[in-house]
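**Student:** Please see the structure below; I have some questions.
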Amino acid sequence: MRIVGLTGGISSGKSTVSNLFKASGIPVVDADLVARDVLKKGTGGWKKVVAAFGEDILQANGEVDRPRLGQIVFSDPAKRQILNRLLASYISSGIFWEILKLWMKGFKVIVLDVPLLFEAKMDKWTTPIIVVWVDPETQLQRLVARDCTSEEDARNRINAQLPLDLKRTKADIVIDNTGSLEDLNEQFRKMLRRAI
């Protein structure tokens, strides 16, 4: 079994590439979906996060208000580290079980979609490592448009991750997503033929 690492930055187009893998019949384990699961009401991750950040981060139904929590942690690196420390083991365990289930189903190639692949040191378990890259100005414009957020909030979120230029230097394959969706599709098809 081979685990392919897929990463990028917020609004780089990583999710689009992830969907292209799925459409090609290659299963994807999405760390963001695992992270949502570990924050569901009543889980161990939920209990730790509520204990650390208080009930102000909860919606009326008791679920975590993810945008509210995001505002807190993306504007304060110390709080972001606390959140990451609280959830890291739950997320790692969830990813492991998702990979195991796919392996048991007989899949030989699995894509691990992790925004913080390098930061979480999961890159050592993947080959090749694919980085979806976009220039900083395009990334900022896309994030502001997608989330209808201020430039300041968008910059905080972008700056919370390793710069895409640094991630690009650690990649085996770089997909440049500064062009059109058709350009991205063409790069994906070529990469799939050559590397996967």
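The values are calculated or read from the model by the stated rules, or taken from the named source; none is laboratory data. Bear in mind that the values here come from a model prediction, so they are computed numbers and not experimental data. Positions of Cβ are backbone-derived with ideal geometry, glycine not excepted, and every protein chain shown enters the neighbour counts. Side chains included, ligands, DNA and RNA excluded: accessible areas come from the protein's heavy atoms. Shrake-Rupley method; radii C 1.70, N 1.55, O 1.52, S 1.80 Å.
**Student:** Classify region 146-196: rounded, prolate or oblate, from the alpha-carbon gyration tensor (a ≥ b ≥ c, eigenvalue square roots; a/c under 1.5 rounded; otherwise prolate if a/b is larger than b/c)?
**Tutor:** Cα axes put region 146-196 in the oblate bin.
**Student:** Dipole size in debye (nearest 20) for region 113-196 around its Cα centre, Lys and Arg Cβ +1, Asp and Glu Cβ -1?
**Tutor:** The calculated dipole for region 113-196 is roughly 460 debye.
**Student:** Enter the accessible area per residue of region 15-163 (Å², integer; probe 1.4 Å; all protein chains in place).
**Tutor:** For region 15-163, the solvent-accessible area averages 56 Å² per residue.
**Student:** How big is the shadow of the Cα convex hull of the chain, averaged over all directions, in nm²?
**Tutor:** Projected over every direction and averaged, the Cα hull of the chain covers 11.3 nm².
**Student:** Over region 1-107, what relative contact order in percent results from Cα pairs under 8 Å that are six or more residues apart?
**Tutor:** Computed value for region 1-107: 28 percent relative contact order.
**Student:** Still on this structure, I have one more. Skipping prolines and chain starts, which residues have an amide H placed within reach, meaning under 5 Å, of the one on ILE175, given they are 5 or more residues away or on another chain?
**Tutor:** VAL131, VAL132, TRP133
**Student:** At 1.4 Å probe size, with the rest of the protein present, what percent of the exposed accessible area of the chain is carbon and sulfur atoms?
**Tutor:** The value for the chain is 53 percent carbon and sulfur by accessible area.
**Student:** Follow-up. Which of ILE129, ILE82, ILE91 moves most in a GNM of the chain, Cα contacts under 10 Å?
**Tutor:** ILE82
**Student:** Just want to confirm a number: the relative contact order over the chain, from Cα pairs under 8 angstrom separated by 6+ residues, in percent.
**Tutor:** Taking the mean separation of contacting Cα pairs over the length of the chain, I get 36 percent.
**Student:** A follow-up question, please. In the chain, what percentage of the DSSP-assigned beta bridges are antiparallel, given to the nearest 5?
**Tutor:** 5
**Student:** Here is a further query. Count neighbours as other Cβ atoms within 10 Å of each site's Cβ, and list the trypsin sites (Lys or Arg not before Pro) in region 1-67 that are DSSP loop with at most 16 such neighbours.
**Tutor:** Of the trypsin sites (Lys or Arg not before Pro), the ones in loops of region 1-67 whose Cβ has at most 16 other Cβ atoms within 10 Å are LYS40, LYS41.
**Student:** Here's another thing I want to ask about it. So the label point goes 7 Å from the Cα of SER93 along Cα→C-beta, right? Which residues of region 1-38 then have their backbone N under 16 Å from it?
**Tutor:** 34-38
**Student:** Let me ask another. Which distance in Å, rounded to a whole number, links the C-alpha centroids of region 86-144 and region 38-84?
**Tutor:** For region 86-144 versus region 38-84, the Cα centre distance is 21 Å.
**Student:** For the chain, set up a GNM with springs between Cα atoms under 10 Å and report which of VAL114, VAL34, VAL134 has the largest fluctuation.
**Tutor:** In the Gaussian network model the winner is VAL34.
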